[in-house]
C-alpha cells in the first residue's frame with residue numbers, strides 16, 4: 001500500500017522530467033541546422049539589411065549584445081566570407097532593428113539568413129551553424 005502511494009506521488013515528477021528531457025533533446029538537435037526554404041516573399045535589398053549583397057549569396061546574421069553564440073557565429077561567417085569573394089556577411093543588431101526582426105520572424109539570436117544574389121531567402125539557421133553546413137548551403141546556390 002505504501003509503495004503504491006509512493007509511486008503515485010512521484011509519477012507527476014517523472015512525467016515532467018520525461019517531457020523536459022524530450023524537449024531538451026529536440027531543442028539541442030534543432031539548433032544550428034540550416035533549413036532550406038522555398039524561394040518566396042519579398043527580396044531584401046542592401047538598404048534594408050544595411051550592407052551590400054554578395055554577387056552569389058549573402059549571410060545575414062541577427063545578433064544581440066549579450067549572446068555568446070552570436071560571437072562564435074560572427075567569427076565563423078567572417079572566416080567563410082574571406083575565402084569566398086562572391087559571398088557577403090552582414091550582421092544586424094536584433095535589439096535595434098525590432099521592426100525588421102518582426103517582419104522576418106526572427107525568434108532568437110543568432111539567426112542567420114542565407115540570401116541568394118537577388119536578396120531572396122533560400123535558407124535559415126537558428127542557433128550557431130556548423131562550418132560544413134554553411135559551406136554546403138552556399139554550394140547549393142548557383
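When the chain is modelled as a GNM with alpha-carbon springs shorter than 10 Å, which of 120, 11, 53 fluctuates the most? Looking only at 120, 11, 53, the biggest GNM fluctuation is shown by 11.
Net length available on complete extension from residue 20 to residue 133 is 37.9 nm, with 0.36 nm assigned per residue and the Cα-Cα distance removed. For the options 22, 125, 47, a Gaussian network treatment of the chain with springs between C-alpha atoms closer than 10 Å singles out 22 as fluctuating the most. Annotation: the antiparallel percentage among DSSP beta bridges lying fully within the chain is about 65. Spread over its residues, the convex hull of the C-alpha atoms of the chain is 144 Å³ per residue. With respect to the chain, whose longest principal axis is taken over its alpha-carbon atoms, helix 68-83 is tilted by about 30°.
Taken together, the values in this text are just the output of simple stated rules run on the coordinates, not laboratory data. In this text the structure is predicted, and so the values were computed from the model without any measurement.
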